[in-house]
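Undergrad: This is the structure I have questions about; it appears just below.
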Amino acid sequence: MSVLVIWSSPNTDGLTAKCKQAAVEGIREYGMECSEVHLNRLQIERCRVCGSGWGQCSQQGTCVIDDNFNRLYALMQESDAIVLVTPVYWHDMAEPLKALLDRARRCDTKVNHGLEGKPVMLVACAGGSGNGAVRCLGVMEEVMQNVKANVRERLPVTRFSADYMPKAIAAGAWRLCYEITEGAK
């Protein structure tokens, strides 16, 4: 069994990276295999809304854009659970994660259903006032509802909670692993 941790931030040593690392540590502490994907290092374009708005994605479950999306989407489907970690910009997730999830939603909803029932943990990291963290989690959860994924945890992190939330994230990731392994028995 394996958990895929997908994160997006231009800062590899900031709050989002710290929270991603906490999730990875919780997964590894449980003893489960963990793969990390840093979206800012990949090329994932935004959806082009091909054809009449529903292109190859709605017919074949793949995207016509030749970038890293199809490979990453396959990893998402193959994993036993997914952890998504993002900084919050204007009460929303980072653009690289938004591009990934927009395209995954198009491929998954009508054809593949590979994310249906998939256990997911969501983490939104807001600097500044921190006001956008909960709204960002709501947007992320809405996408997960579209693909019928099973959101198990939603964790808002702000600069005010940055000292204690990584422990909660590690515990949440550990618990996610426990649930998917115990549920498999």
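The values are calculated or read from the model by the stated rules, or taken from the named source; none is laboratory data. This structure is a prediction, so every number in the text was calculated from the model and none was measured. Glycine gets a Cβ as well: all are built from the backbone with ideal geometry, and neighbour counts include every protein chain shown. For accessibility, only protein heavy atoms count, side chains too; no ligands or nucleic acids. Shrake-Rupley method; radii C 1.70, N 1.55, O 1.52, S 1.80 Å.
Undergrad: Residues that are open to solvent by 40 Å² or more (accessible area, probe 1.4 Å): which strands (runs of 3 or more DSSP E) entirely in segment 19-133 hold 1 or more of them?
TA: 33-38, 81-89
Undergrad: Does VAL88 count as without any contact (Cβ under 8 Å) to a residue 40 or more places away in the chain and in contact with a helix residue (DSSP H, G or I) (Cβ under 8 Å, 6 or more places away or on another chain)?
TA: It is false that VAL88 is without any contact (Cβ under 8 Å) to a residue 40 or more places away in the chain and in contact with a helix residue (DSSP H, G or I) (Cβ under 8 Å, 6 or more places away or on another chain).
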